[in-house]
1. Can you say whether Thr33 is within 14 Å of the chain's Cα centre (by Cα), closer than 18 Å to Met131 by Cβ and either of a type in the set (A, V, I, L, M) or surrounded by 14 or more Cβ atoms within 10 Å (Cβ to Cβ) (or both), as far as the supplied structure shows?
2. I'd like to verify a number: residues in region 87-127 that are hydrophobic (A, V, I, L, M, F, W, C) and in contact (Cβ under 8 Å) with a residue 60 or more places away in the chain, how many?
3. Please work out if Asp80 is surrounded by 15 or more Cβ atoms within 10 Å (Cβ to Cβ), of a type outside the set (Val, Ile, Thr) and free of Cβ contacts under 8 Å to residues at least 40 places away in the same chain.
4. Say whether the condition of being of a type in the set (Asp, Glu), touching a strand residue (DSSP E or B) at 6+ places or on another chain (Cβ under 6 Å) and assigned to a strand (DSSP E or B) is met by at least one residue in region 25-42.
5. For Gly148, state whether it is surrounded by fewer than 18 Cβ atoms within 10 Å (Cβ to Cβ), under 19 Å from Ala15 (Cβ atoms) and more than 11 Å from the chain's Cα centre (by Cα).
6. Out of the residues in region 100-123 meeting the condition of being out of contact with any Lys or Arg (no Cβ under 9 Å at 6 or more places or on another chain) and crowded, with 21+ Cβ neighbours inside 10 Å, tell me which one is nearest to His29 (Cα to Cα).
7. Give me a count of the residues in region 48-103 that are assigned to a strand (DSSP E or B) and in contact with a His (Cβ under 8 Å, 6 or more places away or on another chain).
Amino acid sequence: MTGFTVYIHVSRPPAEVYEAVADPAILSHYFTTGGAQGRLETGGTVIWDFADFPGAFPVEVVSADEKSDIELRWAASDPDAETPYQTTVIISFAAVDGGRRTKVTISESGWHDTPGGRRASYGNCMGWSQMLAALKCWLEHGINLRDGAYK
């Protein structure tokens, strides 16, 4: 199994950054280019849609703790997998600079160590890196970095 970790610092307090990920209306402004349905709450399932990845799909919310992190599971887009499997995504929020800024870390693990699994993980690594940049641009400057990027 393989995985990756990416991070960024956002010049906003952790509660505000957490809300920008958990609230589907805010998330839809900068990340889910096709929209998001459902708040990220422990035990729930939400629907995310992306213009650059056709079709809406379910995201299982394993846990959501506004003081620390959100854990998600979703289907791996591994073309080499003989049977479907899921990966685990953990989005962590850590206060820095006395709580004026937030270090957001995203780890995704559980990819099969096959050529298709590695390719799919690289694509998701790119997507999560873009999500973090878009989150920062949205919260700090009100700019939707992904607007028109995939349509």
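Bear in mind that the values in this text are calculations on the coordinates, not laboratory data. What you are looking at is a predicted structure, and each value in this text was computed from that prediction instead of being measured. As a convention, Cβ positions derive from the backbone with ideal geometry for all residues, glycine included, and neighbour counts pool all protein chains shown.
1. On the way: within 14 Å of the chain's Cα centre (by Cα): yes; closer than 18 Å to Met131 by Cβ: yes; either of a type in the set (A, V, I, L, M) or surrounded by 14 or more Cβ atoms within 10 Å (Cβ to Cβ) (or both): yes.
Yes.
2. Start the filter on region 87-127 by keeping residues that are hydrophobic (A, V, I, L, M, F, W, C), which leaves 89-91, 93-96, 104, 106, 111, 120, 125-126.
Of the ones still in play, those that are also in contact (Cβ under 8 Å) with a residue 60 or more places away in the chain are 91, 93-96, 104, 106, 111, 125.
Residues meeting the conditions: 9.
3. On the way: surrounded by 15 or more Cβ atoms within 10 Å (Cβ to Cβ): no; of a type outside the set (Val, Ile, Thr): yes; free of Cβ contacts under 8 Å to residues at least 40 places away in the same chain: yes.
Criteria not met by Asp80.
4. Quick first cut of region 25-42, residues of a type in the set (Asp, Glu) only: 41.
Subsequent filtering for residues that are touching a strand residue (DSSP E or B) at 6+ places or on another chain (Cβ under 6 Å) retains 41.
Then drop every residue that is not assigned to a strand (DSSP E or B), which leaves none.
Checked region 25-42: no residue is of a type in the set (Asp, Glu), touching a strand residue (DSSP E or B) at 6+ places or on another chain (Cβ under 6 Å) and assigned to a strand (DSSP E or B).
5. On the way: surrounded by fewer than 18 Cβ atoms within 10 Å (Cβ to Cβ): yes; under 19 Å from Ala15 (Cβ atoms): no; more than 11 Å from the chain's Cα centre (by Cα): yes.
When the stated conditions are applied, Gly148 does not pass them.
6. In the first step, residues of region 100-123 are kept if they are out of contact with any Lys or Arg (no Cβ under 9 Å at 6 or more places or on another chain); the result is 103, 105-109, 113-123.
Filter again for crowded, with 21+ Cβ neighbours inside 10 Å, leaving 106, 108, 117, 121.
Details: Ile106: 19, Glu108: 23, Gly117: 29, Ser121: 24 Å.
Checking each candidate, the answer is Ile106.
7. Initial filter on region 48-103 (assigned to a strand (DSSP E or B)): 48-50, 53-65, 69-75, 86-96, 101-103.
From what's left, in contact with a His (Cβ under 8 Å, 6 or more places away or on another chain): 96, 101-103.
Summing the residues that are assigned to a strand (DSSP E or B) and in contact with a His (Cβ under 8 Å, 6 or more places away or on another chain) in region 48-103 gives 4.
A quick yes/no check of all residues on (1) in contact with a Pro (Cβ under 7 Å, 6 or more places away or on another chain); (2) closer than 28 Å to Glu140 by Cβ; (3) free of Cβ contacts under 8 Å to residues at least 12 places away in the same chain; (4) polar (S, T, N, Q):
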site: Ala36; (1), (2), (3), (4): yes, yes, no, no
site: Thr42; (1), (2), (3), (4): no, no, no, yes
site: Pro54; (1), (2), (3), (4): no, no, yes, no
site: Val59; (1), (2), (3), (4): no, yes, no, no
site: Leu72; (1), (2), (3), (4): no, yes, no, no
